[in-house]
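The values are calculated or read from the model by the stated rules, or taken from the named source; none is laboratory data. Quick caveat: nothing in here was measured; it's all calculated off a predicted structure. Glycine also receives a Cβ, built like all others from the backbone with ideal geometry; neighbour counts cover every protein chain displayed. Ligands, DNA and RNA are stripped out before the accessible areas are found, and what is left, the full protein with its side chains, is counted by its heavy atoms. Shrake-Rupley method; radii C 1.70, N 1.55, O 1.52, S 1.80 Å.
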Amino acid sequence: MFRALGGGLLTFAIVWALVLGWWQSNDHEPSKSDLALYLAALPLALIGGYWLFRVFVEHLKAPPSVAMPSVAATLDDDPLSSTKAKTAAAERSFTHCLIDAFVVAAPGTSADDLLSAVDAGKRPEPSFRVTDENGFPVFLAEVSELDVDDARERLEAASESMRQVAEYSGVVRALALLERLLDVAREPVERILQQDKDGISLRVLWMIPADWPPSCHAVLRSWLQLNHWPALGEGKLEIALQAAVNEVDAMRLLDEAVLRVNRGSTGKELTLLLGAASNVDELTVSNWAAANSLFSAQHQQRKIPGEGAAALLLASRATVEHLGLSDVVVISRASIGTRDKSLDAGGRIGGKLIEQLVAGLLDALALESSRVKTVIFDSDHRSNHIAEAMEGVGQDFEHLEPVKDCLATGTVHGALQPIGSLLALACARSKVLLTEAPALCVSNQHELDRAVVLVMPFASQVDTKSSPT
């Protein structure tokens with residue numbers, strides 16, 4: 001306080017000395033306003049400006065204020081023990097039952113056909129139906145004996161809206177593949193629906209390629225119900241369409257299905273996750289060629305177009321045990337991540353992300369890596385994808401034989417986004433049923449997105465509570 005008072009008096013003294021000396025040297029006779037302005041207002045302004053500047057500097061030097069947490073928050077300062085964290089940790093171990101899987105692709109009409117083709121080292125062959133700009137056959141993984149003309153005629157005869165859908169060649173081929181798939185899948189689904197006396201319902205989750213016209217979604221929903229489940233009335237059938245860009249989007253939808261059945265669901269519901277895609281029409285092939293992503297003899301590290309359809313039939317554990325269903329496996333939630341750079345960006349190819357996703361999944365389920373007997377990838381022939389996949393599972397799975405136990409399904413059915421991961425999961429289910437041991441399903445077909453799902457043998461949960469004595 002004394003320092004401030006002394007500084008103020010010193011300021012007045014200096015200002016008065018300067019002003020009075022100036023007036024005296026000029027023989028100036030000050031008026032009352034001059035006295036008030038120069039001898040009172042000026043020193044006060046200098047003192048006030050100094051203190052304002054000092055307060056501003058002190059404000060800049062002061063650390064930012066931190067809001068104090070509420071009393072409820074301070075009761076538990078460990079975030080890992082919070083209710084939200086505990087719930088998230090518990091949800092990481094959620095599982096779902098995969099009771100059947102259906103596949104249509106170039107190698108055949110079952111997961112066993114795909115696995116046999118992988119074991120035999122089969123690869124897509126050149127097609128004389130589609131040629132490149134130089135007239136050479138394009139390598140395609142197309143389904144044989146697919147009557148596309150008949151499918152188009154039936155679509156055009158269905159309604160005016162479906163006639164507009166039939167204008168897209170890739171969509172027509174995909175719907176023809178889907179019809180072939182549902183001809184096989186419909187019977188087992190209906191058998192389960194009829195077997196349950198309490199009235200189980202069916203939820204169809206149809207994954208639509210993102211490049212399909214959004215305007216046709218409502219038409220496709222009606223087409224699916226009228227042509228394949230016309231007898232299921234309201235309350236017994238729900239059809240949801242979801243656009244998907246790549247294979248990991250399919251894994252996300254599967255993850256949502258696992259969460260749905262474990263988050264307070266009644267369990268009286270079958271879920272059919274299905275999708276169909278065709279990349280072998282001339283328009284798609286020409287677009288891939290223009291984007292420098294089409295496989296050729298000169299560019300073998302590019303994609304081979306494929307086509308196919310897949311469906312996974314899911315049910316709760318309670319439904320499986322109530323109906324006594326067989327050939328059931330258990331799937332985990334999807335562990336999903338994104339690479340920091342594309343595999344096509346050059347440089348060293350690392351599998352660190354896949355390794356982290358696998359380790360986190362095994363830890364959440366308390367499963368030793370030595371128990372896993374098979375790893376299924378949805379990747380194709382491209383060496384950078386294979387190298388990433390093998391490095392990602394190399395250290396913790398040294399007991400596996402790379403050629404025999406680590407299989408890449410995309411090598412036989414080509415690039416099949418966004419449903420390639422569904423075909424890989426169908427193959428993983430077949431391997432689990434064969435080996436009676438867990439299998440990993442890894443999706444690394446996309447340039448950046450990665451996902452891992454664990455497929456395990458089904459074991460009935462027996463009531464181990466002791467009876468009263």
Checklist entry - Using a probe of 1.4 angstrom, how much of the accessible area of the chain is carbon and sulfur, in percent? => result 55
Checklist outcome for this item: Sparse-neighbourhood loop hits (trypsin sites (Lys or Arg not before Pro), the stretch 170-224; DSSP loop; Cβ within 10 Å at most 16 others) -> Lys197
Item to check | Alpha-carbon centroids, the stretch 352-373 and the stretch 168-237: separation in whole Å | outcome: 34
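Grab the Cα-Cα distance for Thr338 and Lys268, subtract it from 0.36 nm times how many residues apart they are, and report the gain in nm with one decimal.
Value of the extension gain: 21.7 nm.
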Next on the checklist: Test of understanding: given the chain, find the longest segment containing no GluC sites (Glu not before Pro) that are in a DSSP loop and have at most 13 other Cβ atoms within 10 Å.
Outcome noted: 235-367
Item to check | Spin-label model distance (nm) - Asp149 vs Ser296, 7 Å beyond Cα toward Cβ | outcome: 3.1
Checklist entry - What 222 nm value per residue comes from the helices of the chain, counting each DSSP H run with n ≥ 4 as -39,500 (n - 2.57) and dividing by all residues, nearest 500 deg cm²/dmol? => result -13500 deg cm²/dmol
Next on the checklist: Suppose every Lys and Arg Cβ carries +1 and every Asp and Glu Cβ carries -1, with no other charges. What dipole size does the stretch 92-457 come out with about its Cα centre, to the nearest 20 debye?
Outcome noted: 800
Checklist outcome for this item: Mean separation of Cα contacts under 8 Å (at least 6 apart) over the residue count of the stretch 412-465, i.e. the relative contact order in percent, is 28
Checklist outcome for this item: Per DSSP, the loop-located trypsin sites (Lys or Arg not before Pro) within the stretch 274-358 having at most 15 other beta carbons within 10 Å are Lys341, Arg348
Item to check | Fully extended contour minus Cα-Cα distance, from Ser93 to Ser215, at 0.36 nm per residue | outcome: 40.1 nm
Next on the checklist: Which residue, Gln24, Ala291, Val204, has the largest displacement toward the positive end of the dipole of the chain when charges sit on each Cβ (Lys, Arg +1; Asp, Glu -1)?
Outcome noted: Gln24
Item to check | Residue-span extension gain [Glu321 to Glu401] - 0.36 nm each, minus C-alpha spacing | outcome: 25.3 nm
Checklist entry - In Å², what does the accessible area per residue of the stretch 78-196 work out to with a 1.4 Å probe? => result 54
